[in-house]
Amino acid sequence: MAIHPPSRRIWWNEPIEKDEIVWIAIAFLWGLVMFGMMVYWHVAGRQNLSTKAYRIDPAVYEQRTEAFAEKYKVRDEGESGIPVAKPPPGADIYLLSRLWQWWPVLELEEGQTYRLHIMSTDWLHGFSLQPENINIQVHPGYEHVVTLTPTREGTYSIICNEYCGINHHTMASKLYVVKPKKG
Ligand code: CUA
């Protein structure tokens, strides 16, 4: 309690205690181990995505996404008026995030591979696919490209996990994975 001044005025200029040195060393070494694990988990883990990122003008990205949605639109998503795009297997698919929506809604086929592009056209958002818990930071001006193959049909949720303003909590969407049509 600093009600009285310390008895020695130069109280901070002391050699570091041995215990403290040991803990600093442990924390530093653990940091190095985890740094190595980041690389290792790209190979062995399931959560560290190997995305590619390209710098792109948001207006260009927006145009590409709109063209994509127009081309593959199958219906509107409920009342929201956001189009649901169902691209063919192997396609480049586009998702954009902006205040406060994910656009468009994607419908993919189980077992097929797609190249997913994600970018924000305004602020920093966080792509979080639940319940799979796949997370990507979405920056304005940088397009992430991820190759993905959905393995299980179902309705997944996309939420924003970077605080992006007053309606951050409403920034949620869906991703549909359906069985491929036979014949
Ligand atoms: Cu977008 Cu939070």
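The values are calculated or read from the model by the stated rules, or taken from the named source; none is laboratory data. Everything numeric in this text was worked out from a predicted model, so none of it was measured. A quick note on method: Cβ atoms are made from the backbone with ideal geometry, for glycine too, and the neighbour counts reach across all protein chains shown. What goes into the accessible areas is simple: the full protein's heavy atoms, side chains included, and nothing from ligands, DNA or RNA. Shrake-Rupley method; radii C 1.70, N 1.55, O 1.52, S 1.80 Å.
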Quick one: work out the % antiparallel among DSSP beta bridges in region 1-111, nearest 5. 80
GNM of the chain, Cα pairs under 10 angstrom: of Gly31, Gly111, Gly141, the biggest fluctuation goes to Gly31
Taking max minus min of the Cα coordinates of region 89-183 on each principal axis, largest first, gives extents in Å of 46, 23, 19
Can you classify region 69-122 as rounded, prolate or oblate using the Cα gyration tensor, where a ≥ b ≥ c are the square roots of its eigenvalues, rounded means a/c under 1.5, and otherwise it's prolate if a/b beats b/c and oblate if not? oblate
Cα-Cα pairs above 16 Å in region 117-162: how many percent? 40
Highest-fluctuation residue, Ala44, Ala53, Ala91 considered, GNM on the chain with Cα pairs under 10 Å: Ala44
What value, in deg cm²/dmol to 500, does the helix sum -39500 (n - 2.57) over DSSP H runs of n ≥ 4 give at 222 nm once divided by the residues of the chain? -8000 deg cm²/dmol
In degrees, nearest ten, helix 18-44 long axis to first principal axis of the chain (Cα): 20
Distance in nm between pseudo-label sites at Glu132 and Arg75 (7 Å out along the Cβ direction from Cα): 2.2
Counting Lys and Arg as +1 and Asp and Glu as -1 over every other residue whose Cβ sits under 13 Å from the Cβ of His168, the net charge comes to -1
With a 1.4 Å probe and all protein chains left in place, how much of the accessible area of the chain comes from carbon and sulfur atoms, in whole percent? 58
FRET E, pair Leu32, Thr149, Förster distance 30 Å, beta-carbon r, rounded to 0.05: 0.35
Take the chain, mark every one of the chymotrypsin sites (Phe, Trp or Tyr not before Pro) that falls in a DSSP loop and has at most 10 other Cβ within 10 Å, then report the longest stretch left between them, sites excluded. 13-183
Per residue, how large is the accessible surface of the chain? Use a 1.4 angstrom probe and give square angstrom. 67
In square nanometres, what is the average projected area of the Cα convex hull of the chain? 17.3
Here region 1-81 gives, from Cα atoms, an Rg and Dmax in Å of 27.7, 77
